[in-house]
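Engineer: Pasting a structure here, questions to come.
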Amino acid sequence: MRSDPDCLLTPALRKLLQSCLDAADADENALATKLCLSKSTINKQFHAIYTLLGVHSKSAAIVLALQKEWITLPPLTDNGK
């Protein structure tokens with residue numbers, strides 16, 4: 001994640017979106033555990049992200065954040081191959 005003065009998202013909200021990419025199959029419970037937050041906080045943060053970015057889904061928020069370079073794709077792995 002890079003710091004961007006034009007970024008609409010707080011560092012905490014960027015961290016949440018980055019965590020979604022880093023653990024693509026994680027649900028809100030897994031994200032809450034990983035980030036040491038309650039599930040309620042995670043849901044409130046997603047609502048804030050959707051409102052700030054004018055999107056209606058996690059996928060749309062992630063795509064926009066990637067396009068703006070507010071978050072980055074995780075490194076590719078070969079999964080032991």
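Engineer: Of all the residues that make up segment 1-34, how many are part of a loop (DSSP other than H, G, I, E, B) and not charged (D, E, K, R)? First the steps, then the outcome.
Structural biologist: Here is the first cut: in segment 1-34, the ones part of a loop (DSSP other than H, G, I, E, B) are 1-10, 23-27.
Those left that are additionally not charged (D, E, K, R): 1, 3, 5, 7-10, 23-24, 26.
Of the residues in that region, 10 qualify.
Engineer: Does Lys39 qualify as being basic (Lys, Arg), modelled with pLDDT of 90 or more and touching a Cys at 6+ places or on another chain (Cβ under 8 Å)?
Structural biologist: No; evaluated as a whole, the condition is false for this residue.
Engineer: Going through segment 35-47 one residue at a time, which ones are assigned to a helix (DSSP H, G or I) and surrounded by 15 or more Cβ atoms within 10 Å (Cβ to Cβ)?
Structural biologist: Leu35, Thr41, Ile42, Gln45, Phe46
The values are calculated or read from the model by the stated rules, or taken from the named source; none is laboratory data. For clarity, every value in this text was computed on a predicted model and none was experimentally measured. Every residue, glycine among them, receives a Cβ derived from its backbone with ideal geometry; neighbour counts consider all protein chains shown.
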